[in-house]
Each structure stands twice: as C-alpha cells, then as structure tokens.
Amino acid sequence: MKNIVILISGRGSNMEALIAARDKGELPVNIAAVISNKADAKGLETAAKAGIATRVLEHKAFASREAFDTALLALIDEFAPDLVVLAGFMRILTPDFVRHYEGRMFNIHPSLLPAFPGLHTHQRALAEGVRIHGCTVHFVTAELDHGPVVIQAAVPVLADDDEDRLAARVLQEEHRIYPQAVRWFAEDRLHLVDGRVQVSGAAADFTRLISPT
Ligand code: GRF
C-alpha cells in the first residue's frame, strides 16, 4: 500500500475527506503523517484523533524559505511517502523542494485553473461575473497554482451568491475530487505525458461538469 504525507496549515477539511475515504475503504493508502507549519492548525487535532502521526514545523523558526523547505523535506522523507498531498498548505515552495517531489506531489486549488491562481478565488470569481467556478487537483510544479491537472469539478455561480455560499459549494466538490485523485495515484492510474495527465483504466468519471445545486 502506498504511503502518503498530508501537509496542512489550518482547518484541514480536505485532509478529513481523505481520512474519511480511507476509513470507508475507498482510499487504499497509508496516511503516514500529517504535518503543519502552524502549531494551532485545527486539522492537527482531527488527525491525532484519527490516530495519525502529526508533526509541526513552524516556518517562523527558520531564517529563510530555503532553510525551512530543507527541514520540511527531511521531516517528510522520514515517513517515506509515495505521494505528498498539499491540503490547504499556505506556503510558497522553493524550486528545489518542488523538484524533489516532482510527479509525486498534489495540490488542491479552489478554482478552475488556470483561472484564478493565488488567493481570494471565490471573491475574484464573483467580481468577474463568471458563470462557472470550481476546483482543481494538480501535480505541483515550480509555478504557483500551476501544473498538470489531475481532476476538476465545476459548480454554477448563482445570481444571489456571496463568497461564503460559493466557497461552500466549491468545498463540497473539493472533498469529492481529492480522494478520487489520490485513489487514482494509489492505483497507479496516472501517467504524465507531455506535461498532461492521462488516467488509465475504465472510462473515468473524472470530470463532472456542473454539479447539481
Ligand atoms: C481549500 O479551499 C483548498 O482548496 C485551498 O485551501 C483550502 C483549505 O481548506 N488550497 P481545508 O484546510 O482543507 O479545510
């Protein structure tokens, strides 16, 4: 069974979705550890309650981004992960760190990339007046919120939406697609071909265009 290490900075609801999928027998991975760069990340409690090893490595304790990433890499590798799963990990990563996990690190982002990389995606989607919004799981590359797309899910933007309602609708889809993406990885079904991801096996339901509201 493949080992995964999950990195969080806060709430950890995507991490929770992964734990729940594993507990239901829908995600054949060993969650070796959950690591946070913030000691007060709520997700740490959830992980500990689920019996998962937790570690805190506070970036504030390091003089530079490089020094933090070097220590983080060493900590992650103690758990020998096949896949590193960024789940609300709010750090910009150095190129050396990203290169080390090339082809074996996922991120989830709350927009239909390449639209709206960066922060405040729901607010920006509303300001642009887009009719469709969503979320993306992608392999991590050196460019922020960029990289080969594994899976996406879209939701409608409704006339009376505010940021919170839209965020909640997207988050529901995040919790559906992240376990799906990790499952494909665990099943060796993902292949990077010319910078794009191919999913092998049965015709996968890897995109559901518009979710019911
Ligand atoms: C999610 O919206 C995720 O897409 C983004 O950060 C948020 C993390 O939420 N990268 P949670 O900590 O998983 O609840």
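The values are calculated or read from the model by the stated rules, or taken from the named source; none is laboratory data. Quantities reported herein were computed from a predicted structural model and do not represent experimental measurements. Glycine gets a Cβ as well: all are built from the backbone with ideal geometry, and neighbour counts include every protein chain shown. Surface areas here come from the heavy atoms of the whole protein model, side chains and all, with no ligands, DNA or RNA. Shrake-Rupley method; radii C 1.70, N 1.55, O 1.52, S 1.80 Å.
Dividing the radius of gyration of the alpha carbons in the chain by their Kirkwood radius gives 0.95 for Rg/Rh.
Between Ile177, Ile132, Ile35, find the one with the highest GNM mean-square fluctuation for the chain; connect C-alpha pairs within less than 10 Å. The residue that fluctuates most here is Ile132. The base-10 log of I(q)/I(0) for region 1-101, evaluated at q = 0.11, 0.13, 0.16, 0.23 Å⁻¹, reads -0.30, -0.42, -0.63, -1.27 [Debye formula, identical scatterers on Cα atoms, solvent excluded].
Between Lys60 and Asp162, the modelled label-to-label distance comes to 3.1 nm, taking each label 7 Å out from Cα in the direction of the beta carbon.
Once you reduce region 50-117 and region 130-203 to the center of their Cα atoms, the two points are 18 Å from each other.
For region 93-213, with every protein chain kept in place, what is the accessible area per residue (1.4 Å probe, Å²)?
Details: 6240 Å² over 121 residues.
With the other protein chains kept in place, region 93-213 gives 52 Å² per residue.
Could you look at the chain and say what percent of its accessible area is carbon and sulfur, using a 1.4 Å probe and all protein chains? If you can, show how the numbers build up before the last one.
Numbers: 5460 of 10510 Å².
Looking at the chain in its full context, I get 52 percent from C and S.
Legend: calculated FRET efficiency, Arg176 to Arg196, from the Cβ-Cβ distance at R0 = 25 Å, rounded to 0.05, equals 0.70.
Can you tell me the dipole magnitude for region 107-213 around its Cα centre, using point charges on the Cβ only (Lys, Arg +1; Asp, Glu -1), in Debye to the nearest 20? Walk me through the numbers on the way to the answer.
Numbers: 9 positive and 14 negative charges, 53 e Å.
With only Lys, Arg, Asp and Glu charged at Cβ, the dipole is about 260 debye.
The length gained by stretching the chain between Arg131 and Ala71 to full extension, at 0.36 nm per residue less their Cα-Cα distance, is 17.4 nm. Sites listed here are trypsin sites (Lys or Arg not before Pro) in region 1-55 whose DSSP assignment is loop and whose Cβ has at most 11 other Cβ atoms within 10 Å: Lys24.
When the chain is treated as a Gaussian network with alpha carbon springs shorter than 10 Å, the biggest mean-square fluctuation among Pro81, Pro110, Pro156 belongs to Pro156.
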